[in-house]
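Novice: Have a look at this one before I ask anything.
The values are calculated or read from the model by the stated rules, or taken from the named source; none is laboratory data. Bear in mind the structure is a predicted one, so any value in this text is a computation, not a measurement. Note that each Cβ is placed from the backbone with ideal geometry, even for glycine, and that neighbours are counted across all protein chains shown. Note: accessible area is taken over every heavy atom of the protein model, side chains too, but ligands, DNA and RNA are not part of it. Shrake-Rupley method; radii C 1.70, N 1.55, O 1.52, S 1.80 Å.
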Amino acid sequence: MPLIAATWSFARDGCAEAVKPLLAGGSALDAVCAVAGAAERDPRVDSVGYGGLPDATGRVTLDACVMVSPGKCGAVCAVARHLAATDLARMVMERTRHVMLAGSGADEFATALGMPECDLLAPEARAAWERWRIGDASVRQADPGRDFGVPLAPEVGERRFDHDTIGALALDASGSLAGACSTAGMAYKLAGRVGDSPIPGHGLYVDPEVGGAVATGVGEIVMGVCGTFLAVESMRRGASPQDAIAEVLGRIDHQFTLEAHQQVGLIVVTRDGRLSSGAIRPGFAVTVADGAGVRVEPPQFVLYPEWTGAAG
Ligand code: GLY
């Protein structure tokens, strides 16, 4: 029964490592933190952790959230001096009376815990930002949807888009669910912008009585419909995982005038291990790891399958 489901193919290495202790009886919370932490440390992932693209002023800021139940979650946003944003969110959950710490307060909390400080701006991200600043059209623009970066999963035809978030859900052998998500946010965002990822009910929601949901893509769209909360509530009312995904994407479609380059991807896992995924447009990929191995799959449901062309 233990399984991990995570956003994008760049979760593959982290899932391959994290699933081993999970299958040996490890906790779902340890597994999702390991998956998110691996992406944070991977400089090839230009939307999460070190290597993440900066805001418009050239500053990288990180947002992250962990959740095991409505009464047990932790988050940080606008972290500027510490890489391990997911571990820090877990520390907020486990060591404070609060749910979220922001900005300098989050960094000071990390320093007080002895977490190492670092410069989050990788040389490649700095170079991309410098080209963006002078209007080089070959780099990804703040306008979401430009293809950019290392092609990480050609076998599933994945195309990567702005705001890619590492989001992971896991179920362990004891039946406990946990979720984590971590992001550097929108590339070249306005300084101070925070998206859906660190906010329970938006980028991540877990209710052990029902299941969990995690989102990636344009945070402003997910936030407009409380995307992951809506998915879990839909399942609470009896919807299947796939119908829950379809309800969220349908609500997004109803509330927003979507453009063909915009992307939101969702994964849900029920408390008994049923999994589904969906996205607004083709290109989203889901990494699944369980006793049968690690695999990268396209989502089960795509709202606009015809929106396949070059983005942006
Ligand atoms: N989904 C991540 C963000 O929009 O910041």
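Novice: Please work out which residue is surrounded by the most Cβ atoms within 10 Å (Cβ to Cβ), limiting yourself to region 101-151 and to residues that are at pLDDT below 60 and of a type in the set (A, V, I, L, M, F, W, C). Steps first, answer last, please.
Specialist: Here is the first cut: in region 101-151, the ones at pLDDT below 60 are 137, 140-151.
Checking which are of a type in the set (A, V, I, L, M, F, W, C) leaves us with 137, 142, 148, 150.
Values: Ala137: 9, Ala142: 15, Phe148: 21, Val150: 11.
Only one residue tops the list, namely Phe148.
Novice: Would you check which residues across region 239-266 are among the hydrophobic types (A, V, I, L, M, F, W, C), within 16 Å of Ala213 (Cα to Cα) and in contact with a Phe, Trp or Tyr (Cβ under 9 Å, 6 or more places away or on another chain) and list them?
Specialist: Answer for region 239-266, where residues must be among the hydrophobic types (A, V, I, L, M, F, W, C), within 16 Å of Ala213 (Cα to Cα) and in contact with a Phe, Trp or Tyr (Cβ under 9 Å, 6 or more places away or on another chain): Ile245, Ala246, Leu249, Val264, Leu266.
Novice: Restricting attention to region 194-204, which residues are within 8 Å of the ligand (Cβ to nearest atom) and either open to solvent by 40 Å² or more (accessible area, probe 1.4 Å) or under 21 Å from Ala125 (Cα atoms) (or both)?
Specialist: Across region 194-204, the qualifying residues are Val194, Gly195, Ser197.
Novice: Anything in region 201-222 that is in a helix (DSSP H, G or I), within 13 Å of Cys181 (Cβ to Cβ) and not β-branched (Val, Ile, Thr)? List them, or say none.
Specialist: First, pick out the residues of region 201-222 that are in a helix (DSSP H, G or I): 219-222.
Now restrict to residues that are within 13 Å of Cys181 (Cβ to Cβ): 219, 222.
Result: Gly219, single match.
Novice: Still on this structure, I have one more. For region 9-108, give me every one of the helices (runs of 4 or more DSSP H) that falls completely inside it and has 1 or more residues that are touching a Gly at 6+ places or on another chain (Cβ under 6 Å) and farther than 29 Å from Gly293 by Cβ.
Specialist: Where helices (runs of 4 or more DSSP H) fall fully within region 9-108 and carry at least 1 residues being touching a Gly at 6+ places or on another chain (Cβ under 6 Å) and farther than 29 Å from Gly293 by Cβ, they are 85-95.
Novice: May I ask you to list the residues in region 261-278 that are out of contact with any strand residue (DSSP E or B) (no Cβ under 6 Å at 6 or more places or on another chain) and either assigned to a strand (DSSP E or B) or modelled with pLDDT of 95 or more (or both)?
Specialist: Once the filter is applied, which keeps residues that are out of contact with any strand residue (DSSP E or B) (no Cβ under 6 Å at 6 or more places or on another chain) and either assigned to a strand (DSSP E or B) or modelled with pLDDT of 95 or more (or both), region 261-278 yields Asp272, Arg274.
Novice: I would also like to ask the following. Within region 205-244, which residues are among the small types (Gly, Ala, Ser), crowded, with 24+ Cβ neighbours inside 10 Å and away from the ligand (no atom under 11 Å from the Cβ)? Write out each step before concluding.
Specialist: The first filter runs over region 205-244 and keeps only residues among the small types (Gly, Ala, Ser), leaving 211-213, 215, 217, 219, 224, 227, 231, 234, 238-240, 244.
Filter once more, so that each one left must be crowded, with 24+ Cβ neighbours inside 10 Å: 211-213, 215, 217, 219, 227, 231, 244.
Answer for region 205-244, where residues must be among the small types (Gly, Ala, Ser), crowded, with 24+ Cβ neighbours inside 10 Å and away from the ligand (no atom under 11 Å from the Cβ): Gly211, Gly212, Ala213, Ala231, Ala244.
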